[in-house]
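The values are calculated or read from the model by the stated rules, or taken from the named source; none is laboratory data. Keep in mind that this is a model prediction, so the values were computed, not measured. FYI the Cβ positions are ideal-geometry reconstructions off the backbone, even for glycines, and counts take in every protein chain you see.
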Amino acid sequence: MTDPQSDVEPSDAADFDALEQPLESDQDLTVSDGGDAGLDLRVEAALMVCDRPQSTAKLAGLLGTDQVQAVRGAVDRLNEVYAETSRSFRIEKLAGGWQIVTLPGFADTLAQVLRSNSQARLSPAAMETLAIIAYKQPILRADIEAIRGVASGEVIRGLMERRLVKIVGRAEILGRPMLYGTTRTFLESFGLATIKQLPKPDELTPEMA
């Protein structure tokens, strides 16, 4: 019995093999209808390795494209996929840029993981000082110490080393002492888009206050 492919010319054989391969559907080529799977996955990969939020324009530049709106669309499509597949994370806008963050519902899980890393935790004194700066900024060191009732220079220096606090200016008074405020890293660390998202004092529970 003859081989049905024995009379096929080499060039035709290649075409025959191609016909045997399953055709890719439109769904295979896109993360979501109307999307560009290649761009979507590149945006996702870039955000996975960026340790700081990236603006839409900066993200487009990193990916070598000037299609800012296409990048914004990729973020929306990725979030749709994450929601549809019940992922534990989303792409959120923080400190003026996009970053992959874990959903609030997994806060307890993350707290357990992070609790084991004592170096990543701030001391009560540091948290107290940081809260004062966050709510009162721009603020003088003297005013911080007046509120706390203790010297705070060393604590402030520690917060500056962690890039949570920075010098934002000088007061227009005798000696022009330095004024302190929070940084972009502070916003990123606490999951805030702007400082206005800090809880109002009357919204704080005894545990948070």
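Things worth noting here:
- Residue list for the range 36-57, filter: part of a helix (DSSP H, G or I), more than 18 Å from residue 81 (Cβ to Cβ) and either of a type outside the set (S, T, N, Q) or not assigned by TED's automatic domain parsing to the domain that holds residue 99 (or both): 49, 57
- Qualifying positions in the range 145-160 - surrounded by 14 or more Cβ atoms within 10 Å (Cβ to Cβ) and charged (D, E, K, R): 145, 148
- Qualifying positions in the range 175-193 - at negative phi, modelled with pLDDT under 90 and in a loop (DSSP other than H, G, I, E, B): 190, 192, 193
- The number of residues in the range 104-121 being at pLDDT 85 or above and more than 16 Å from residue 192 (Cβ to Cβ) comes to 2.
- Taking every residue in the range 34-59 that is touching a residue at least 12 places away in the same chain (Cβ under 8 Å) and pairing it with any residue that is of a type in the set (Lys, Arg), at least 6 positions away or on another chain, the pairs with Cβ-Cβ distances below 6 Å are 35/77; 40/77; 56/72.
For (1) closer than 24 Å to residue 52 by Cβ; (2) under 21 Å from the mean Cα position of the chain (by Cα), each residue gets a yes or a no:
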position: 92; (1), (2): yes, yes
position: 113; (1), (2): yes, yes
position: 124; (1), (2): no, no
position: 132; (1), (2): no, no
position: 140; (1), (2): no, no
position: 145; (1), (2): no, no
position: 157; (1), (2): yes, no
position: 165; (1), (2): yes, yes
position: 171; (1), (2): no, no
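- Among residues of the range 146-169, those that are among the basic types (Lys, Arg) and in contact with a strand residue (DSSP E or B) (Cβ under 6 Å, 6 or more places away or on another chain), counted: 0
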